[in-house]
1. So what's Rg/Rh here for region 3-191, counting alpha carbon atoms and using the Kirkwood radius for Rh?
2. Using a Gaussian network model of the chain whose springs link C-alpha atoms within less than 10 Å, name the residue from 11, 140, 89 with the highest mean-square fluctuation.
3. At R0 = 35 Å, how high is the FRET efficiency between residue 152 and residue 192 if r is their beta carbon distance? Nearest 0.05 is fine.
4. Would you calculate a helix-derived [θ] at 222 nm for the chain, using -39,500 (n - 2.57) for each DSSP H run of n ≥ 4 and dividing by the full residue count, to the nearest 500?
5. In whole Å and largest first, what semi-axes does the C-alpha gyration tensor of region 48-156 yield when each eigenvalue is scaled by 5 and square-rooted?
6. If you stretched the chain out fully between residue 139 and residue 105, how much longer would it get, using 0.36 nm times the residue separation minus the C-alpha to C-alpha distance?
7. Most fluctuating residue of 143, 122, 54 in a GNM of the chain with Cα springs under 10 Å: which is it?
8. If you average the alpha carbon positions of region 58-99 and of region 1-44, how far apart do those two centres end up, in angstrom?
Ligand code: B4P
């Protein structure tokens with residue numbers, strides 16, 4: 001079974017939702033750099049103090065800091081058999097770093113699931129989440145900035161992974177269960193390659 005899987009897509013596309021479901025069914029950890037960074041902010045660490053204003057502005061935390069944090073997480077015992085990356089890589093430099101980290105472990109990215117959703121439903125979803133969870137970066141201005149940063153820095157990853165033959169595009173603008181069925185089918189196909 002494919003065991004090193006990257007989820008990527010615009011903010012609010014549902015990559016976190018899908019990655020957590022798949023993690024349960026495959027029995028491998030979901031590694032969300034957004035969640036890890038929020039834990040640092042909450043815990044008042046040095047990294048958290050640097051990340052907090054950056055995240056609240058909708059910008060990306062510097063590659064080097066995020067990659068160092070990810071490397072530590074990847075070295076934990078539960079990630080030995082595989083991992084689902086949720087929100088990492090987010091830049092071409094991070095994609096290079098991930099390939100390097102995995103190569104050191106004798107692994108590679110098996111599949112990249114691109115959860116695609118147009119801007120309008122994204123803004124609706126995140127405004128709704130702001131009402132429920134009150135996340136600091138779910139304000140209308142920050143959502144627009146996150147989408148702009150996504151287009152500039154993260155969207156080019158699709159071309160990179162398409163060239164590598166690992167990209168699968170999934171329409172994320174459908175009910176969660178329907179998207180999850182396509183995610184599971186994509187992982188099965190990647191496993192039989
Ligand atoms: P993240 O936590 O990754 O936030 P995000 O991209 O906005 O995605 P999120 O996980 O919240 O949303 P999801 O697609 O799951 O990052 C936050 C910040 O951390 C970044 O802006 C950046 O500053 C920093 N950061 C994180 N990783 C970094 C990195 N690698 N490099 C540099 N900086 C980094 O969508 C979830 C929402 O959609 C939920 O409300 C859910 O209920 C809803 N939803 C899901 N599926 C749905 C469906 N099918 N229909 C309707 N609603 C759905």
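Readers should treat all values here as calculations from the given coordinates under stated rules, not as data from a laboratory. All figures in this text were calculated on a predicted structure; none of them were measured in a lab. Reconstructed Cβ throughout: ideal geometry from the backbone, glycine too, with neighbour counts over all protein chains shown.
1. Ratio of gyration radius to Kirkwood radius for region 3-191: 0.93.
2. 140
3. So, using R0 = 35 Å, E works out to roughly 0.50.
4. Computed mean residue ellipticity for the chain: -17500 deg cm²/dmol.
5. 27, 16, 14
6. On the way: separation 34, 0.36 × 34 = 12.24 nm, distance 3.94 nm.
Roughly 8.3 nm would be gained on extension.
7. Result for the chain, Cα springs under 10 Å: 54 fluctuates most.
8. Cα centroid to Cα centroid, the span is 11 Å.
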